[in-house]
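Asker: Take this structure first; my questions come after.
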Ligand code: ZN
C-alpha cells in the first residue's frame with residue numbers, strides 16, 4: 001500500500017484542530033493545489049457541506065459514509081484533507097490512507113471522553129510522517145488541556161460516538177480530568193465495555 005506524506009493534527013476538543021485544517025487547506029489552494037476536504041457523514045453539528053471550527057471559520061467539504069468505501073471525488077486531487085477522522089471505520093481509513101494524492105492531512109480526536117484512544121487514531125498516528133498535537137484551555141483551572149470530559153452525562157450510555165460541541169463537552173487538563181472521572185465513577189462505565 002502506497003502511503004503518501006501524511007500529517008496528523010490531533011488533540012482534545014476545542015484545541016483548534018479544524019481551524020488548523022482550514023488554514024492548511026487555504027494555503028494549499030493558494031499554492032495552486034487541488035484540495036479535497038472530507039468529513040464523516042455523522043458530523044452534522046453545523047451542516048453537511050462545510051467543516052466549521054468552533055470559532056466560526058468555514059470550509060466547503062464533502063461528507064462520506066462511515067462504513068462504505070467511497071470515493072470517486074478524491075481522484076485527481078493533489079491533497080486530501082480529512083476532518084473528524086476518529087469516526088471512520090478501519091476500512092475507510094485504509095482507503096483514505098491509500099489515496100494517491102501528494103499529501104494527506106488528517107485531523108481528529110486522540111482520546112474519547114473516557115480518556116481512551118479514539119477509533120483508528122492510534123493506527124493513523126503510527127503511519128503519520130508528522131504529528132501536531134494541539135491543546136485547549138482547561139475549563140476548570142485554566143491550565144493546558146489535553147482531555148475532553150462529557151458534560152452531557154445523560155448520553156454516556158451511547159459510548160464513544162456522541163457528536164456535540166460546548167453543550168456536551170469540556171476541555172480539561174489531566175489533573176482536572178482525573179478528578180472528574182473519579183467524581184462520576186467512570187470506572188463503572190469502563191468495566192461495561
Ligand atoms: Zn485543569
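Asker: What number goes with the only condition from (1) within 14 Å of residue 111 (Cα to Cα); (2) more than 8 Å from the ligand (Cβ to nearest atom) that residue 164 does not pass?
Answerer: Unmet for residue 164, out of (1) within 14 Å of residue 111 (Cα to Cα); (2) more than 8 Å from the ligand (Cβ to nearest atom): (1).
Asker: Applying the selection to the range 117-149, what residues are touching a helix residue (DSSP H, G or I) at 6+ places or on another chain (Cβ under 6 Å), within 16 Å of the ligand (Cβ to nearest atom) and outside any loop (DSSP other than H, G, I, E, B)?
Answerer: 147, 149
Asker: Considering every residue within the range 120-143, establish whether at least one is at negative phi and without any contact (Cβ under 8 Å) to a residue 24 or more places away in the chain.
Answerer: yes
Every number in this text was worked out from the coordinates using simple rules, so none of it is lab data. Treat the numbers as computed from the prediction; the structure is a model and nothing was measured. No Cβ is skipped: glycine too gets one built from the backbone with ideal geometry, and neighbour counts run over all protein chains shown.
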